[in-house]
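Trainee: Got a structure for you, questions after.
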Amino acid sequence: MDKAFNRTSVVLMFVFPAFLVFSLFVVVTVFWAASYSVYDWNGMGEKTFVGFKNYLTLLQVDRNFWTSVKNTLFYTVWQILLQVFGGLLIAIFLTRVIRFRATLQTMYYIPVVISTVAITQIFGKLLSVTPPGVVNSLLALINPDWRYLEWVSNPRMSLFIVAFVEGYKYIGLYMIIFYAALVGVPEELGEAATIDGANLFQQYMHIKIPYIRPVIIANIVLVLNGSLRSFDFSYLLTRGGPGNSSELMATYMYKQAFSSLKYGYGSAVAILIVITCLIIGSVFRRLSRDSQEVI
Amino acid sequence: MKRKLSLALVIVLVLSILAGCGSTATQATAGETQAPAQTTAAVTSAADTGDRAKISVMLRGSETSSAYKVWSSLLDGFIAEKGYDLDVEYELLPNDGDYANKLQLYISSNQLPDIFGAANGTFSSAAKAIGSLVCVQDEMTKLGNFDQMNPAVADFFADADDGKVWLFPESFNDEFFFYRKDIFAKYNLNAPTNWDEFLQVCDTLKKNGEIPVVIAGAEQWQIMRYLSFIPWRVTHDKFIMNYIGGQDKFSANAAAQKGVNLVKTMGEKGYWQPSFTSTNYTDAVNMFFGGQGTILYSGSWLVSNASEMYKNGQLGLFPVPDAPGLENMTTNIPIHGGFATAFNAQTYDKVMQEFFAYATEHYGNAAYEAGMLSPFSEPIPDTMDPLYKEVRALADQSTAGWVSWDDKLDAATLVAMADAQQQLALGMIDEQEFITQMDSQIKGQ
């Protein structure tokens, strides 16, 4: 049986379907977008070849693009803090709780299964100013002036709010992964540390968290990848606004391609997103591998 | 044994892949065969008998929207009157962006439905360029009823290239400011006649803790109205058409600069309600007619919402104020025909021609039944709210149509302007930055 699976033809037979689907729906479309990116095309009529003009305009002239890059990087950092480290904290908390653990796990996980559209609608209503939503109505009980506190319509707050809502939705997912990893840490390690005089905090900092380090890195890579391409929360909650205060690279790509009808320019943004994901992903993997070797 | 096992594995995998591909291929083939067959049947039938199996309609809106009510009533009436065995296939898209994407897709693939909604601008030009637009003016002239179309509505739909009307107007809309007479009286204010007075009124209201103006800032056209009021009063369509054509720019046009200053002042001084950039149109209307806010810019389509407050003497109307220090045109009530409807020239067979004639004859009544003012000259029925007559009378002296920047601008400039006007109103950029951005944007286009 083992030998059968070692044969190249059999391995290829298993790999080929996934390779074919991935190539068709990911690799081909990336190259397709790359080919569009050297044209000026509004989706109707003839395409005009413009070479690298779209890229040069994006990189040299388009300040809104750079705002979206800055916002995306900031957004990604927030997502890692919220989803990975927030999820880890909740998982640690759950490992310490004995009563109602399953209920709490379910409650934390519920947002994961609610659709993004529903979540953004809920938060849109909760944080509404006109008419006042639940949050502002409650705040107005403390101070009447707070009835008009702006959240998604405040350019200084909108990106935080979008990041918070996405973090709220996915924190439960990473909590479950971390919880599974933490309960898999051998109990003997903790017991040995206790005998050596380590307190609870030291046990987590020096034994349990280092033990699940590969899981943490895997989760960071997942969140990194998802956040750099994040689209739905910003688009549904703020449409990248007000102005371009919560514009992410993916929403900017959509806006250029499908609202501004600049398919070539939008494709150039898409290719830069792919390149950014590849660079940041590679750098992170290299850094995490190097630190692993040091340890 | 091992060889047999690996062979069996390979066979199972190949069979499963073939089964999956086979079923997909079968479905695709069936679909592909079916679609052309339907098309051929329809074309053959229409060509041979002058009849067809269905009429396809794509509208921006839902089943509760006025456009659907009017066109469905007309199509039902037409089919019943002629006794045709026709199906009507509706495609309704309530979201503006989705509608624009779908329309663009149909234009690109040259598969527009028989009847479709389109604004007078980029999309109507694109549909015209591929020969998919019936010239409404020519058809109505042939039928002898083009002169019944309101001249300002006709002006609103005049094509930028040939000046002809290629689109069927949805309604007669005039726009104006609703204001709360009771709140104005409380602070001894009069309806403003120029923009300086308007800002003074806003200032007084703000200082007294009122919300001066309600606006649906989440909708790009609402802030854009304030940007375009002064250029419209001073230049009608000259500024925007010359801006699009590259012969004028914000930095060189005093009226356009005053428009930019107006948006900046309204936003900066807090004359619009808190969180105005996230207020959608429905919320803004509900807010104003629910008793919050003092002034709302809207139009004749809100008569049913305004009726009760108007009867109670709480509500007044005033036109677009003059731009002080500049020469203003006489027309101060923006008139337009709403989101128009187009007839596809490529499928404009005998049945569609008959329907066009039927629609022009019955459109007025259908519009009134749907609660809209007719774009044609039929008198307003006595059964309608008397306020309709008053808002229609406001525009009696108007000859020049409204010029919607959001219809005229190309998609890329429109998106850029929508973002920049929000930034301007929120103080994220100043007037000079806005002007620089917009001038370089149109230059790039």
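The values are calculated or read from the model by the stated rules, or taken from the named source; none is laboratory data. Everything quoted here is computed from the prediction, not taken from an experiment. Please note: Cβ atoms are built from the backbone with ideal geometry, for glycine as well, and neighbour counts cover all protein chains shown. Calculation scope for accessible area: heavy atoms of the full protein, side chains included, ligands and nucleic acids excluded. Shrake-Rupley method; radii C 1.70, N 1.55, O 1.52, S 1.80 Å.
Trainee: Only one of (1) closer than 23 Å to B:Gln346 by Cβ; (2) buried (at least 18 other Cβ atoms within 10 Å of the Cβ) is not met by B:Lys69, so which one is it?
Mentor: Status for B:Lys69: all satisfied but (1).
Trainee: Further question on the same structure: Sort out which residues of segment B:349-359 are surrounded by fewer than 21 Cβ atoms within 10 Å (Cβ to Cβ) and of a type outside the set (A, V, I, L, M), and write them in order of number.
Mentor: Listed by number, the residues that qualify are B:Asp349, B:Lys350, B:Gln353, B:Glu354, B:Tyr358.
Trainee: Checking the structure you have, find out if any residue of segment A:55-69 is open to solvent by less than 40 Å² (accessible area, probe 1.4 Å), within 30 Å of B:Ala418 (Cα to Cα), among the polar types (S, T, N, Q) and away from every other protein chain (no Cβ under 14 Å).
Mentor: Scanning segment A:55-69 turns up no residue that is open to solvent by less than 40 Å² (accessible area, probe 1.4 Å), within 30 Å of B:Ala418 (Cα to Cα), among the polar types (S, T, N, Q) and away from every other protein chain (no Cβ under 14 Å).
Trainee: Something else now. Which of the residues spanning segment A:81-121 are under 19 Å from A:Leu182 (Cα atoms) and β-branched (Val, Ile, Thr)?
Mentor: If the condition is that a residue be under 19 Å from A:Leu182 (Cα atoms) and β-branched (Val, Ile, Thr), then A:Val84, A:Ile90, A:Ile92, A:Thr95, A:Val97, A:Ile98, A:Thr103, A:Thr106 are the ones that fit.
Trainee: Could you figure out which of (1) part of a loop (DSSP other than H, G, I, E, B); (2) touching a residue at least 40 places away in the same chain (Cβ under 8 Å) isn't true of A:Ala198?
Mentor: Evaluating A:Ala198 over (1) part of a loop (DSSP other than H, G, I, E, B); (2) touching a residue at least 40 places away in the same chain (Cβ under 8 Å) leaves (2) as the failure.
Trainee: Given the conditions (1) under 30 Å from B:Val134 (Cα atoms); (2) away from chain A (no Cβ under 14 Å); (3) open to solvent by 40 Å² or more (accessible area, probe 1.4 Å), and given that B:Tyr363 satisfies all but one, which numbered condition is not satisfied?
Mentor: Only one criterion is unmet by B:Tyr363, namely (3).
Trainee: For segment A:158-168, give me the residue count where each residue is open to solvent by less than 10 Å² (accessible area, probe 1.4 Å) and in contact with a helix residue (DSSP H, G or I) (Cβ under 7 Å, 6 or more places away or on another chain). Lay out the reasoning, then the answer.
Mentor: Restricting attention to segment A:158-168, the residues satisfying the condition of being open to solvent by less than 10 Å² (accessible area, probe 1.4 Å) are A:158, A:162-163, A:165, A:167.
From what is left, the residues that are in contact with a helix residue (DSSP H, G or I) (Cβ under 7 Å, 6 or more places away or on another chain) are A:162-163, A:165, A:167.
Selection size over segment A:158-168: 4.
Trainee: Let me ask you something else. Go through segment B:329-348 and count every residue that is farther than 21 Å from B:Ala67 by Cα and surrounded by fewer than 18 Cβ atoms within 10 Å (Cβ to Cβ).
Mentor: 3
Trainee: If you take the residues of segment A:106-130 that are in contact with a Phe, Trp or Tyr (Cβ under 7 Å, 6 or more places away or on another chain) and assigned to a helix (DSSP H, G or I), which of them is nearest to the other protein chains (Cβ to nearest Cβ)?
Mentor: Here the residue is A:Thr120.
Trainee: So A:Val10 ticks every box in (1) more than 11 Å from every other protein chain (Cβ to nearest Cβ); (2) in contact with a helix residue (DSSP H, G or I) (Cβ under 8 Å, 6 or more places away or on another chain); (3) open to solvent by less than 50 Å² (accessible area, probe 1.4 Å) but one. Which box is left unticked?
Mentor: Going through (1) more than 11 Å from every other protein chain (Cβ to nearest Cβ); (2) in contact with a helix residue (DSSP H, G or I) (Cβ under 8 Å, 6 or more places away or on another chain); (3) open to solvent by less than 50 Å² (accessible area, probe 1.4 Å) one by one, A:Val10 breaks only (1).
Trainee: Modelled with pLDDT of 95 or more, under 19 Å from A:Val221 (Cβ atoms) and part of a helix (DSSP H, G or I): does that describe A:Tyr55? Give the derivation first.
Mentor: Numbers: modelled with pLDDT of 95 or more: yes; under 19 Å from A:Val221 (Cβ atoms): no; part of a helix (DSSP H, G or I): yes.
The answer is no for A:Tyr55.
Trainee: If you take the residues in segment A:228-281 that are open to solvent by 10 Å² or more (accessible area, probe 1.4 Å) and outside any helix (DSSP H, G or I), which one is nearest to B:Asp410 (Cα to Cα)?
Mentor: A:Leu261
Trainee: Still on this model: Out of (1) surrounded by 19 or more Cβ atoms within 10 Å (Cβ to Cβ); (2) not assigned by TED's automatic domain parsing to the domain that holds B:Thr341, what's the single condition that is false for B:Tyr187?
Mentor: That leaves (1) as the condition not met.
Trainee: Those residues that are modelled with pLDDT of 90 or more and assigned to a loop (DSSP other than H, G, I, E, B), I need them from segment B:335-358; list them, please.
Mentor: Answer for segment B:335-358, where residues must be modelled with pLDDT of 90 or more and assigned to a loop (DSSP other than H, G, I, E, B): B:Asn344, B:Tyr348, B:Asp349.
Trainee: Restricting attention to segment B:272-298, and to residues there that are more than 12 Å from chain A (Cβ to nearest Cβ) and open to solvent by 10 Å² or more (accessible area, probe 1.4 Å), which single residue is farthest from the chain's Cα centre (by Cα)? Spell out how you get there, then give the answer.
Mentor: Just the residues of segment B:272-298 that are more than 12 Å from chain A (Cβ to nearest Cβ), to begin with: B:281, B:289, B:294-298.
So of that shortlist, the ones also open to solvent by 10 Å² or more (accessible area, probe 1.4 Å) come out as B:281, B:289.
Numbers: B:Tyr281: 13, B:Phe289: 23 Å.
Selected residue: B:Phe289.
Trainee: Assuming A:Tyr108 fulfils every condition listed in (1) buried (at least 18 other Cβ atoms within 10 Å of the Cβ); (2) out of contact with any Gly (no Cβ under 8 Å at 6 or more places or on another chain) apart from one, which condition is it?
Mentor: All conditions pass for A:Tyr108, except number (2).
Trainee: Tell me whether segment B:194-209 contains one or more residues that are more than 16 Å from B:Pro319 (Cα to Cα), at pLDDT below 95 and either surrounded by fewer than 18 Cβ atoms within 10 Å (Cβ to Cβ) or β-branched (Val, Ile, Thr) (or both).
Mentor: Yes - at least one qualifying residue is present in segment B:194-209.
Trainee: Taking the stated definitions as given, is B:Gln292 under 28 Å from B:Thr193 (Cα atoms), in contact with a helix residue (DSSP H, G or I) (Cβ under 8 Å, 6 or more places away or on another chain) and not basic (Lys, Arg)?
Mentor: No.
For every residue, the table says whether it meets (1) buried (at least 20 other Cβ atoms within 10 Å of the Cβ); (2) over 22 Å from B:Ala154 (Cβ atoms); (3) modelled with pLDDT of 90 or more.
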| site | (1), (2), (3) |
| --- | --- |
| B:Asp396 | no, no, no |
| B:Gly401 | yes, no, no |
| B:Asp407 | yes, no, no |
| B:Ala411 | yes, yes, no |
| B:Leu414 | yes, yes, yes |
| B:Leu426 | yes, yes, yes |
| B:Glu433 | no, yes, yes |
| B:Gln441 | no, yes, no |
| B:Gln445 | no, yes, no |
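Trainee: So which residues in segment A:134-155 are part of a loop (DSSP other than H, G, I, E, B) and either hydrophobic (A, V, I, L, M, F, W, C) or at the interface with chain B (Cβ under 10 Å from one of its Cβ atoms) (or both), if there are any at all?
Mentor: Hits for segment A:134-155 are A:Leu149, A:Glu150, A:Trp151, A:Val152, A:Ser153, A:Asn154, A:Pro155.
Trainee: A further question follows. For segment A:234-289, give me each residue that is under 17 Å from the mean Cα position of the chain (by Cα), of a type in the set (A, V, I, L, M, F, W, C) and within 11 Å of another protein chain (Cβ to nearest Cβ).
Mentor: Listed by number, the list holds a single entry, A:Leu237.
Trainee: Taking the criterion of being in contact with a helix residue (DSSP H, G or I) (Cβ under 6 Å, 6 or more places away or on another chain) and outside any helix (DSSP H, G or I), would at least one residue in segment B:302-312 satisfy it? Talk me through it step by step, then tell me what you get.
Mentor: At the first step, the residues of segment B:302-312 found to be in contact with a helix residue (DSSP H, G or I) (Cβ under 6 Å, 6 or more places away or on another chain) are B:303, B:305, B:307, B:310.
Restricting the remaining residues to those that are outside any helix (DSSP H, G or I) gives none.
No, there is no match, as no residue in segment B:302-312 is in contact with a helix residue (DSSP H, G or I) (Cβ under 6 Å, 6 or more places away or on another chain) and outside any helix (DSSP H, G or I).
Trainee: Restricting attention to segment B:126-145, which residues are over 18 Å from B:Met352 (Cα atoms) and open to solvent by less than 50 Å² (accessible area, probe 1.4 Å)?
Mentor: Within segment B:126-145, B:Ala126 is the sole residue that qualifies.
Trainee: A:Ile207 versus (1) more than 14 Å from chain B (Cβ to nearest Cβ); (2) buried (at least 19 other Cβ atoms within 10 Å of the Cβ); (3) not charged (D, E, K, R): which is the lone unmet condition?
Mentor: All conditions pass for A:Ile207, except number (2).
Trainee: In segment B:102-122, what count of residues is obtained for those that are open to solvent by 40 Å² or more (accessible area, probe 1.4 Å) and of a type outside the set (Val, Ile, Thr)? Break it down stepwise before answering.
Mentor: Residues of segment B:102-122 that are open to solvent by 40 Å² or more (accessible area, probe 1.4 Å), as a first pass: B:102, B:105-106, B:108-111, B:122.
Still in the running and of a type outside the set (Val, Ile, Thr): B:102, B:105-106, B:108-111.
Within segment B:102-122, residues that are open to solvent by 40 Å² or more (accessible area, probe 1.4 Å) and of a type outside the set (Val, Ile, Thr) number 7.
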